[in-house]
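What follows is a single structure, written as structure tokens, with notes after it.
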Amino acid sequence: MADYRLPTTDYRLPTTDYRLLSMISIAHMFFTPHGMMFLAMLLFLTGVYAVTVRRNLIVVLMGLELMLNAVNVALVSFNYFSSYESVFESGQIMALMVIAVAAAEAAVGLAILVVLMRTRGSIDAEKAQEMQG
Amino acid sequence: MNHDLILLIPLIPLLGFAINGLGGKRFNVVGSGLIASVAVTISFVVSVKAFLHVRETGEVVSSVFEWFEVGGFEAHFGFRIDQLSAIMCLVVTGVGALIHVYSIGYMDRDKNPAKFFAFLNLFIFAMLCLVMGDNLILMFLGWEGVGLCSYLLIGFWYEENANADAGKKAFIVNRIGDFGFLLAIFLIFFHFGTVNFDEMKGAVDDELENDGYVAGAGEIVNEGRVRKTLFVDAEHEAGRETALKSIGAPSWTWQRHVGLGALTIVCLLLFVGATGKSAQIPLYVWLPDAMAGPTPVSALIHAATMVTAGVYMIARLHFLYDLAPIAQSVVLLVGAVTAVWAGFIGLTQFDIKKVLAYSTVSQLGFMFMAMGAGAYSAGIFHLVTHAFFKALLFLGSGAVIYACHHEQDMRRYGGLGKRLPMTYFTFIIGALALTGIAPFSGFFSKDEILWVSVNAHQFLGAENHIFGWTVWALGALAAVFTACYSWRMVSMTFHGSYRGEEHLPLSHVHEAPRTMRYVLMILAFGAATVGFIGIPPFIVGESGNMFNGFLDPMIHTAHHESALSPWFFMIVTLALGIVFAFVVGQNFVKPDNRITNLATTNDVVRRLTLWSRAKLYVDEFYNVVIVQPVMWGAWLLFAVVDQGLIDGILNGAAKGTELIARAMRPLQTGELNYYAMTIVAGVLVILAFIGLDDISAALGLASASSEIH
Amino acid sequence: MDKILSIIVFLPALGALLLTFVPKARKDDLRSIGFFWTLLIFLVSLYLPLKFVSNAEFQFEEQYSWVDSIASADDAGAPSYHLGLDGISLFLVLLTTFITPIALLGAWKYIGERVKEFLIAMLVLETGMLGALLALDFILFYVFWEVMLIPMYLIIGMWGGPRKVYAALKFFLFTLAGSVLMFLAIIYLCSTVGTYDFALMREMVGAGEPFFLGPHFQTARMFIFFAFVLSFAIKVPLFPLHTWLPDAHVEAPTPGSVILAAVLLKLGTYGLLRFAIPLFPLEVREYGIIVAALAVIGIIYGALMSLAQTDMKKLVAYSSVSHLGYVVLGLFALGIYTGASNDIEGTVSAIALSGSMYIMLGHGLSTGALFLLVGMLYERKHTRLMSDYGGIAKLMPRFTAIFVIVTLSSIGLPGTNGFIGEFLVLLGTFQANRWLAAFASIGVILGAVYMLRLVQKVFFGPLKQETSHGLTDVSPRELATLFPILALIVIMGVAPQPFLSRMEPALERVANDLKRSGNAKVNAEEAVKPGATGDLILNAQAHIAPSPAED
């Protein structure tokens, strides 16, 4: 006996995902040069806060990454919005460069953290002050 | 004859140097001595051949090899044998060969004979470069080369500080002379555009002919005209002269003194070189010290050959001196004063070699007198005779020193004539020749010099009849001194009774080995007879004087006229020599005699003796005035200027930087967050300065965004 | 072999790379590799004099584009990789390749630890020196100039004596100060003139480019000229910028001293001769007397300083100040020419310049040898004070003979290389300015005084008993080190013509350019009309016209 079952595909119209819609529209609100700049600034300042105020070195590193990525956002968006005939898509390329550098930086930074943790048992910035004048 | 053959003359001794120098200790004294002697003997044989060739054909033999040539300046290894250098070559290689043979005996107890003979050969090579060079640069090579060998040989027994010091002193004092020589070369090249003797002479002759002057004794020549390359300067001078005259300036501002010009300066600078090498005032001080070297060295280098280089150089460049009367007067005066000065010091020395050294300085003074008087052949003649009799005396003293086991103090000699008959006999001949007693060689040459010096009737370019007599008087005084120190030396050494018994028993004193004695014999024969080649013309006529006749194509000897007969001067000097020789010789047989007693009783004589024995305090004077100030000045300069001032400023700057850094140290807290905060603050400050607008403008942000919206 | 210059420049660097693969512990292998590698480089460099043609042109030239982006930035000609050789650099290159293996051989035992690093530093240094000598592009020259600095700093600082850090820092700071000045001058000069290429710039001077010869730009020219002179003078070193030298020499290990004295100092004089003098003929005439006077002071002063020393190495170091004074004096001889006659001017400077070049080579050999010899004594006795020695000729006769020969070369005895150079410099200078030359000639006397004092104190006199221990005569290795130098000392003194005739055309060109500039200056001053100078511009980027505001 053949079991003629209906296909499991749901042919119903999709229901409106307002959550997603609102998110997209909020993103569209930002998707202007000024908005992106604002976004980048927000990210950057968050990073600055993490680097300057927090003592946990992991957070500091994360702050650094945030700052770098803020720059990335700026670069990419400028490139996108720019009408300047940029043949090489230089903003995108620069962003890729920054990502690469950031990766390297993170690797080195984390390595240092690991060593610091091993030697001192702490990754508190206040515990490493030998470099003072 | 093949012209390149003359290259053998310097090159064979160089080969000898190479063999002995590289062979090192493989050769014993006989082996190395034979190599060296044979080398010099071959040179001598070739020299004789070249000499005969020049004598027969009158032709100049020359051979030139490239040395260097840059920007119009040429200096080549150009060797030449003409009348003058032929004579010099004969003396250098002839006397040199004899002294080499002598050294085989003298150096038999030395540890390092190969080194000694290598240096001797090198010396012969350098000396031959000096006399055979056809340009000033090759002459300078020889000039410095002989200085080097002299340095090495004086300090041959370097284990004693005094010897090494003496060598150093000789080299440095010579360098002071070389400084003058170098400047003279520069000046000559500046004016002549060449350093070749023939070309220089050609330039001088051209100029003289063009201006209608004829070179001759006493002829006043405006030597500014001799300048070949610098007519511009001459014109400039002339213009200056006219300008100064027109504004009525005093005459001394524009008048060009005849003779005081470039050539005078050249000749004076050359003479500075000559005073160094030929030990004249003020640079003679190295020669007495140079007696620290082995005695054959003293004979060869510091009596017969090297020290005569200055005399040779003036003879070689006589065509310049002929045109520079002021320089001639200076040469004459310095020569005369040196002759007296050194003779005076020689009177009271006790070291037998020191006596001979001062005697050499004094005799060189005689030679320079001849040069200054323009009687170049007379000077060269004295050079030749002096080479024989002074080499003989030095080697004789060497034989005595050898016999007395390196004792040089004459106070410990006495009565050695009986123990060393051969040395005694030859030494007497040398002393006779040195004193100038007829018919020994020194008589003819010294007599000629004294006679020509009377005829010097120009002083510093101006007519002056007293000058000649003054110089003659000085020369005669020096001749008297010569007689005195010579016979004092002979008597103290060979006559009387032996005084050195407690140091060395007389029975231990033995005559020198055969090689040394034979050499003494040959030299004695030369010292006795070599004078006959230059018998004065007033005795045998112009043609009878072979020496002047031979040199004539090279150096023309002018005729001298004087108020008094030459016989007068001859008899006066001869009489003076004989009398003083006899008196002093008689007295100094005993240590306490009338003369030494006079020195204790008479205050003036005592003081003179003191000064003479102290060598007139010249060394002390130089030490205080030159040596110490230079050394202390150098120290002071180093401590105060170099370390204190220059380095002080620099280190001060470094210190200042450090201080600033230290002041700023607290800023480095070591806190990571603090640093980050500072960075942010810095960025904010910069932003505030530039202004955000400017930044956006700089980035093109404003224009980019305005296009979108 | 059209890339021979690049091969020679980078062979040492390749050697350094090779050495990194050799294990640290195999010290003798490392030394052998280093020595034979540098020897190989010397043999390769012998190709240059064989194929060299005696003319004033650059030969074996190589030019590749390098950093073109700088050109797009400011419209100037781009820095290029441009190498070339002429009579001036030929023998200095040979000296470099010749002295490096000798320094390594001489320092076989002297460097006992960190041999690998040391050899790498030496090889990199050699690349730097050769590159600086061969570079015809200003930026390239500057790069190589700085490349030299670091290894030398390390050599002094790591293998040096007790005050090595002080000495190394002093050396570094002095030279760096000079470098910075030079860099500014290069940037300004090149961006104004519009090219980074020296050969091109020289053509422009020859063609009367107004920037170099015109009445405008005098202030700018003066600053550039003095920046160049100052930076090179520090390296020379010229009085009163010399105080780093004694410290560096005393502290540096023997091979470092040898290289420093033989080649590095010559790069200062080379820079003057290559860049400062041909490019600024008017400034040489105007301010040459200042430099020449400093040089003469340096001659006398250095000699007096040598006289005051107790440390052998310091004495030799100060003698370098004196000797290089002669070099600088010869280089600026034409600048101090006071006579009116124009026709002997060429003679003057050709003689003096040849003399300077010859001293550069001669001093490289003789002072290099002196440092080696002092180093050998130090290895035996571990002291450099003269008073600790005395009478050692008895124990070391052959060593003494060698030392005396080198001394003779150093004091300029005829028949050695020292004489030819010193004589030519003084002769040429004398034709230009007799008082300066006469004053400088006093150095001839003082030179003999301090060197003979050294010889006397160390080698002659009675043997000090306590010093005799361990003083053995030269070993075969040391003899092999010294013999080539000795041979060259004599050869260059007796047969200088092969050397002189190869360097002369290039030097004559410098001299003639200088001479012409005298006339050019007169012309330029007469024709102050702006249009008149316009035709003279021979400019790669002709649109860079002189701005009138620059007056």
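What follows draws every value from the coordinates through simple rules; no lab data is involved. Treat the numbers as computed from the prediction; the structure is a model and nothing was measured. Neighbour counts run over all protein chains shown; Cβ positions are idealised from the backbone, glycine included.
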Could you give the size of the charge dipole of the protein assembly as shown about its Cα centre, using +1 on the Cβ of each K and R and -1 on the Cβ of each D and E, expressed in debye and rounded to the nearest 20?
5400
Of C:LEU365, B:ASN593, A:ALA128, which is farthest towards the positive pole of the protein assembly as shown's charge dipole, taken about the Cα centre with +1 and -1 on the beta-carbons of Lys, Arg and Asp, Glu respectively?
B:ASN593
Lys/Arg +1, Asp/Glu -1 at C-beta; the protein assembly as shown dipole; positive extreme among B:HIS53, B:ALA431, C:ASN417
B:ALA431
Provide the net charge surrounding B:ASP198, with neighbours chosen by a C-beta distance below 9 Å and charges set as Lys +1, Arg +1, Asp -1, Glu -1.
0
Below 8 Å between Cα atoms, with a sequence gap of 6+, how large is the relative contact order for chain C in percent?
17
Inverse mean reciprocal Cα-Cα distance (Kirkwood Rh) of chain B, Å:
28.3
Calculate, in nm to one decimal, what B:VAL45 and B:HIS510 gain on full extension: separation in residues at 0.36 nm each, minus their alpha carbon distance.
164.0 nm
Quote the relative contact order of the stretch A:33-123 in percent (integer), defining contacts as alpha-carbon pairs under 8 Å separated by 6+ residues.
27
Label-point gap, in nm, between A:VAL59 and B:TYR518 - each point 7 angstrom along Cα→Cβ
11.2
Cα convex hull of the stretch C:18-160 - mean projected area over all directions, nm²
10.1
Each residue of C:441-453 has, on average, a number of other protein chain C-beta atoms within 10 Å of its C-beta equal to 5
Which of B:LYS115/B:LYS446; B:LYS111/B:LYS354; C:LYS27/C:LYS164; B:LYS49/B:LYS115; A:LYS127/C:LYS24; B:LYS115/B:LYS354 exceed 27 Å between C-alpha atoms? The answer is B:LYS115/B:LYS446; B:LYS49/B:LYS115; A:LYS127/C:LYS24
Measuring from the longest principal axis of the C-alpha atoms of chain B, the long axis of helix B:465-494 (C-alpha) lies at a number of degrees, nearest 10, equal to 70
How tilted is helix B:441-454 with respect to the longest principal axis of chain B? Cα atoms for both, answer in degrees (0 to 90, nearest 10).
70
Estimated [θ] at 222 nm from DSSP helical runs (n ≥ 4, -39500 (n - 2.57)) normalised by residues in the protein assembly as shown, nearest 500
-22500 deg cm²/dmol
Please give, to one decimal in nm, the separation of the simple spin-label points placed at B:ARG411 and A:ALA103, each 7 Å out from Cα toward the Cβ.
10.1
What FRET efficiency comes out for B:LEU52 versus B:VAL641 if R0 is 56 angstrom and r is the Cβ-Cβ distance? Round to the nearest 0.05.
0.35
Ordered by packing density, taken as the mean number of other Cβ atoms within 10 Å over each peptide's residues, highest first, how do C:165-178, B:327-340 rank?
B:327-340, C:165-178
Looking at chain C, do any whole DSSP H helices span at least 30 angstrom along their long axis by alpha carbon and average 1.0 or above on Kyte-Doolittle, and which?
C:138-159, C:164-193, C:281-307, C:434-459
Relative contact order for the stretch C:108-186: what percent, with Cα pairs under 8 Å and sequence separation of 6 or more?
26
Binned at 20 Å starting from 0, the alpha-carbon pair-distance distribution of the protein assembly as shown in whole percents comes out as 9, 31, 30, 16, 8, 4, 1, 0, 0
Gyration tensor on Cα atoms of the stretch B:29-138, a ≥ b ≥ c root eigenvalues, a/c under 1.5 rounded, else prolate if a/b beats b/c, else oblate, says oblate
Quick check: pseudo-label points 7 Å beyond the Cα along Cα→Cβ at C:PHE483 and B:ILE578, how many nm apart are they?
6.7
For chain B, take the longest principal axis of its alpha carbons; what is the angle in degrees between that and the long axis of helix B:231-246, to the nearest 10 within 0 to 90?
90
For B:ALA661 and B:ASN112, calculate 0.36 nm times their separation in residues minus their Cα-Cα distance, and state this gained length in nm to one decimal.
191.2 nm
If you take every residue apart from C:PHE35 with its C-beta less than 15 Å away from the C-beta of C:PHE35, what net charge results, scoring Lys and Arg +1 and Asp and Glu -1?
+2
In this structure, the FRET efficiency calculated for C:ARG434 and B:ASN464 from their beta-carbon separation, with R0 = 22 Å, to the nearest 0.05, is 0.10
Please compute the average number of Cβ atoms from other chains found within 10 Å of each residue's Cβ in peptide B:147-159.
3
Relative packing of A:45-58, C:399-412, which averages over residues the other C-beta atoms within 10 Å, highest first:
C:399-412, A:45-58
Rounded to the nearest 0.05, what FRET efficiency is calculated for C:LYS24 and B:VAL630 with R0 set to 41 Å and r the Cβ-Cβ distance?
0.20
Taking the Cα centre of chain C as origin, sum charge times position over the Cβ atoms of Lys and Arg (+1) and Asp and Glu (-1), and report the length of that vector in debye to the nearest 20.
2320
In the protein assembly as shown, if the dipole is taken from +1 on Lys/Arg beta carbons and -1 on Asp/Glu beta carbons about the Cα centre, which of B:ASN548, C:SER45, C:PRO151 is farthest to the positive end?
B:ASN548
Scattering curve values for chain C, log₁₀ I(q)/I(0), Debye with Cα scatterers, q = 0.09 Å⁻¹
-0.63
Ordered by number, the GluC sites (Glu not before Pro) in the stretch B:126-176 that occupy a DSSP loop and have at most 16 other Cβ atoms within 10 Å are B:GLU159, B:GLU160
Neighbour net charge for C:GLY375 - beta-carbon separation under 12 angstrom, K R +1, D E -1:
+3
Rounded if a/c is under 1.5, else prolate if a/b beats b/c, else oblate: with a ≥ b ≥ c from the C-alpha gyration tensor eigenvalues square-rooted, which is the stretch A:33-123?
oblate
